[in-house]
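Below is a structure I'd like to ask you about.
The values are calculated or read from the model by the stated rules, or taken from the named source; none is laboratory data. None of the values given here were measured: they were computed from a predicted structure. All Cβ positions, glycine included, derive from the backbone under ideal geometry; neighbour counts span all protein chains shown. Accessible surface areas use protein heavy atoms only, side chains included; no ligands, DNA or RNA. Shrake-Rupley method; radii C 1.70, N 1.55, O 1.52, S 1.80 Å.
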Amino acid sequence: MALRKYEVFTGMNQETLEKDLTGALNQLHSLKLEHKVKGLQNPKQILFLRREIAMMKTELTKRSTVQA
């Protein structure tokens, strides 16, 4: 799993971005649980996912402030 660039999120429409965000949050929760229970082969996955979630939230906030 590689870290996606911020430009990928700016090109997405609102619904897709929100859908990806909820999916990423669910995936983060399951990865954290799996890491606690048996350990991940690549723990950096959690870091990459957290950064992607932050980029998605940043883009959503940016869009909401522009519309307001």
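Heavy atoms only, probe 1.4 Å: what % of the accessible area of the chain goes to carbon and sulfur, would you let me know?
Percent of accessible area from carbon and sulfur atoms in the chain: 55.
Only four residue types carry charge here, +1 at the Cβ of Lys and Arg and -1 at the Cβ of Asp and Glu. Report the dipole size of the chain about the Cα centre in Debye, rounded to the nearest 20.
320
In addition: Below 21 Å Cα-Cα, how many Lys pairs turn up in segment 1-49? Only count pairs eight or more apart in sequence, or on different chains, if you could.
Close lysine pairs found across segment 1-49: 5.
Could you grab the relative contact order for segment 5-68? Cα pairs under 8 Å, six or more apart, rounded to a whole percent.
46
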